[in-house]
Amino acid sequence: MMMQKYIAPYLDAALARVGVELSGEVAFGVPRQEGHGHLSTNVAMMYAKGLGKQPRVFAQELVDALGTVPMVSAIEIAGPGFINITFDNSVYHAMLRDMDAMGDSIGRSTVGSGKSVNVEYVSANPTGPLHAGHGRNCAVGDTIANLFAWNGYAVTREYYFNNAGNQMSKLAESIYARVQHRLGASDYPFPEDGYHGEYIHEIADNIVAQHRSNVEGAAEDEARAFCKKQGELWCFGSIKRTLSALNIHHDEYFNEDSLYHDGKVTATIADLRERGLVYEQDGATWFALTQLGQQQDKVIVKSTGEPTYRLPDIAYHRDKLQRGFDIVVDIFGADHIATIADVLAGVRALGYDTDNVKTVIHQMVTFVENGEIVKFSKRSGKSFTLDELIDEVGADVVRFFFVMRAVGTHLEFDLGLAKEEGDKNPVFYLQYAHARICSILRKAAERDLRVSHDADLSVLTHPREIELIGLISRMQSSIERACENLEPHTVAEYLRDVAAAYHNFYHDCRILGSEPHLEAARLVLADVTRRAMRNGLLLLGVGTPESM
RNA sequence: GCGCCCAUAGCUCAGUUGGAUAGAGCAGCAGCCUUCUAAGCUGCGGGUCGCAGGUUCGAUUCCUGCUGGGCGCGCCA
């Protein structure tokens, strides 16, 4: 039960009585100011003007028409014409009772049931290990996927595996060169724009040690192809291990090269051509994006005959839409911003509705320690990998820090703060609240006290108790909104509020050893809070320690 | 030059879809443990919400224009 849903019918009836025709749902807010009631509505101000009345005068008429409402202790008009509603504590007791009955599904919703969603995230090129900056895409994407799942959607977590194209050839050539060096051709040229990482040596070592016959004496093309495959496998394994450490598991790894094998790339360009959107110039094939309202035409097939990334991307998005998802979500870093409009324009030109393709573009990440920007690993001096970040601060902190800020803002990742295990670190603050509750429940069990689902909750009257109940009662709508707006950080914010409310309650309200009725009721509240915190932490993909 | 994003306390950031006296954390200062985890709690100081207009009962929030910063604008992905 929610306060809004409870009061809305009474208000609708009162509005009808004073002759107002509603043009939508009445909006309620939770006043942040104490003394402004538990719920507030601006409906009188919204409709007063149309009726030619003073807002406060109209508000009074409305309040008169409302009369008395059960479980509401006060209805007051304040400020320019707000109607502030104060509930009887019994409303809170009823809400707590309902939440207790929800078991482990507190905060879940069914708004998405029957609908399917595909969330594509990470999708880093398999040309090396994930670097630290990739962490944001990983955490944001997985949390958004969790949000959909939590709201009842059937979710497919997808990784677009970019295993075709130019960057893979570079990888192959880099490995091939390192292999040649090991086979004695020490003057074999390393490609100018090749990959220099340690892992290239590792892959080459492995090839020479385990698969020497595939590269020695083999035809050069085949040896190169073998190097490419080995490189891809190594990178794929590395990426999957890192993701697994962050508790991220995709359902689908969509291989880019399958688009070529299945003829989808060819089909896509043929269909675009049929619509008159393709032309030849300077030996290349161009996509007439200006005809689709974009700024400039772009090459989709190079004069070498290789497609640019744009063509397979369009084919891929078309494929996702053909698979029949109700919603398709793409998570991209700001550096990919230019491609999205082109790809969507292409898909639209092929006759698909892109209204349900949602793109989340997160801004870049800066790592900071002691006020200085960290760009490279201290250990190796090379690029800072996600594995190293996880080693340094732990997986929970990585996941939490990357989602705790709005995706649209630049993220400053403070390594010093992240490494703190204490009051400075926001993750521990949440986990500590959960651990504290678990500790009390353990102590209660030692005394043969169980959480009783028919405890008399009416003894809960302390402001801290009421505040905590009210906050948890908003969990479901808070998570629904986070999902609808694709804003995972609001979950982190919300949980911080719940944790703070619990710490306050804990501090001011003794649980164990209080008067038996009060003790029983507070145990229920503690346990409901525990389940809410646990669900919230699971949603963010961080651990739920029972002791710290 | 063009496109997208950002600008709020000393620092890092929230701000419930346009509401009432703009909030947290960190940093600083001062307090609270013989009783359920002090990784907690309480208090103090700190603001021209980048600037200028506009929209209206009301703007940190929406619109326009500036200024400053980030990311893009390739026959790389």
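The values are calculated or read from the model by the stated rules, or taken from the named source; none is laboratory data. Values in this document were obtained by computation on a predicted structure and should not be read as measured data. When we count neighbours, we look across all protein chains shown, and the Cβ atoms used for this are built from the backbone with ideal geometry, even at glycine.
For the range A:415-453, the set of residues classified as surrounded by 15 or more Cβ atoms within 10 Å (Cβ to Cβ), more than 9 Å from RNA strand B (Cβ to nearest atom) and either over 20 Å from A:Tyr502 (Cβ atoms) or small (Gly, Ala, Ser) (or both) consists of A:Leu415, A:Ala418, listed by residue number. Out of curiosity, is A:Glu412 within 9 Å of RNA strand B (Cβ to nearest atom) and either at pLDDT below 95 or touching a Gly at 6+ places or on another chain (Cβ under 6 Å) (or both)? Judged against the criteria, A:Glu412 is a match. Filtering the range A:135-188 to residues that are closer than 26 Å to A:Glu306 by Cα, of a type in the set (Asp, Glu) and under 22 Å from the mean Cα position of the chain (by Cα) leaves only A:Glu158. Filtered by the rule that a residue be surrounded by 22 or more Cβ atoms within 10 Å (Cβ to Cβ) and farther than 27 Å from A:Ile200 by Cα, the range A:147-173 gives A:Leu147, A:Phe148, A:Trp150, A:Asn151, A:Tyr153, A:Val155, A:Arg157. For the range A:277-287, the set of residues classified as at pLDDT below 95 and either part of a loop (DSSP other than H, G, I, E, B) or over 17 Å from A:Thr308 (Cβ atoms) (or both) consists of A:Asp282, A:Gly283, listed by residue number.
Quick check on this structure: which one of A:Arg447, A:Arg464, A:Arg534, A:Arg474 is more than 24 Å from A:Gln4 (Cα to Cα) and out of contact with any Leu (no Cβ under 9 Å at 6 or more places or on another chain)? Step through it out loud before you land on a result.
On the way: A:Arg447 fails: out of contact with any Leu (no Cβ under 9 Å at 6 or more places or on another chain); A:Arg464 fails: more than 24 Å from A:Gln4 (Cα to Cα); A:Arg474 fails: more than 24 Å from A:Gln4 (Cα to Cα).
Only one candidate qualifies: A:Arg534.
Going through the range A:465-511 one residue at a time, which ones are near RNA strand B (Cβ under 9 Å from one of its atoms), more than 20 Å from A:Tyr92 (Cα to Cα) and either in the same structural domain as A:Asn137 (by TED's automatic domain parsing) or not in a helix (DSSP H, G or I) (or both)? Selection gives A:Asn485, A:Glu487. Please give the number of the condition A:Thr290 fails out of (1) surrounded by fewer than 17 Cβ atoms within 10 Å (Cβ to Cβ); (2) touching an Asp or Glu at 6+ places or on another chain (Cβ under 7 Å); (3) closer than 10 Å to A:Ala349 by Cβ. Going through (1) surrounded by fewer than 17 Cβ atoms within 10 Å (Cβ to Cβ); (2) touching an Asp or Glu at 6+ places or on another chain (Cβ under 7 Å); (3) closer than 10 Å to A:Ala349 by Cβ one by one, A:Thr290 breaks only (3). For the range A:338-363, enumerate the residues that are out of contact with any Lys or Arg (no Cβ under 8 Å at 6 or more places or on another chain) and either among the basic types (Lys, Arg) or under 22 Å from A:Ser383 (Cβ atoms) (or both). Matches in the range A:338-363: A:Arg348, A:Lys358, A:Gln363. When A:Phe82, A:Phe58 are checked against the criterion of being aromatic (Phe, Trp, Tyr), in contact with a strand residue (DSSP E or B) (Cβ under 8 Å, 6 or more places away or on another chain) and in the same structural domain as A:Asn42 (by TED's automatic domain parsing), A:Phe82 stands alone in meeting it.
Cβ separations smaller than 6 Å between residues 6+ apart or across chains give the following pairs from the range A:206-229 residues that are within 12 Å of A:Gln180 (Cα to Cα) to residues that are among the charged types (D, E, K, R): A:Val208/A:Arg182. Among the residues of the range A:342-362, those that are of a type outside the set (D, E, K, R), surrounded by fewer than 17 Cβ atoms within 10 Å (Cβ to Cβ) and more than 17 Å from A:Thr268 (Cα to Cα) comprise A:Asn356, A:Ile361.
Which of the following residues is away from RNA strand B (no atom under 15 Å from the Cβ), closer than 30 Å to A:Met475 by Cα and at pLDDT 90 or above: A:Thr68, A:Thr41?
Values: A:Thr41 fails: away from RNA strand B (no atom under 15 Å from the Cβ).
It is A:Thr68.
I want to confirm something. Restricting to the range A:314-373 and keeping residues that are in contact (Cβ under 8 Å) with a residue 60 or more places away in the chain and assigned to a loop (DSSP other than H, G, I, E, B), which single residue is farthest from RNA strand B (Cβ to nearest atom)? Break it down into steps so the answer makes sense when it comes.
The initial filter retains those residues of the range A:314-373 that are in contact (Cβ under 8 Å) with a residue 60 or more places away in the chain, namely A:316, A:319-320, A:323-333, A:346, A:349-350, A:358, A:360, A:362, A:364-365, A:367.
From what's left, assigned to a loop (DSSP other than H, G, I, E, B): A:323-326, A:350, A:364.
Details: A:Arg323: 21, A:Gly324: 25, A:Phe325: 21, A:Asp326: 18, A:Leu350: 20, A:Met364: 5 Å.
Within the range A:314-373, the match that is farthest from RNA strand B (Cβ to nearest atom) is A:Gly324.
The single condition from (1) closer than 27 Å to A:Thr156 by Cβ; (2) near RNA strand B (Cβ under 8 Å from one of its atoms) that A:Lys298 fails is (1).
For the range A:374-401: of the residues being touching a Ser or Thr at 6+ places or on another chain (Cβ under 9 Å) and part of a loop (DSSP other than H, G, I, E, B), which is surrounded by the most Cβ atoms within 10 Å (Cβ to Cβ)? Once the filter is applied, the top-ranked residue is A:Phe384.
Kindly evaluate A:Val407 against the criterion of being among the aliphatic types (A, V, I, L, M), near RNA strand B (Cβ under 9 Å from one of its atoms) and either surrounded by fewer than 18 Cβ atoms within 10 Å (Cβ to Cβ) or not assigned by TED's automatic domain parsing to the domain that holds A:Cys509 (or both). Even if it seems obvious, please write down each step before you answer.
Working: among the aliphatic types (A, V, I, L, M): yes; near RNA strand B (Cβ under 9 Å from one of its atoms): yes; either surrounded by fewer than 18 Cβ atoms within 10 Å (Cβ to Cβ) or not assigned by TED's automatic domain parsing to the domain that holds A:Cys509 (or both): yes.
Yes: the conditions hold for A:Val407.
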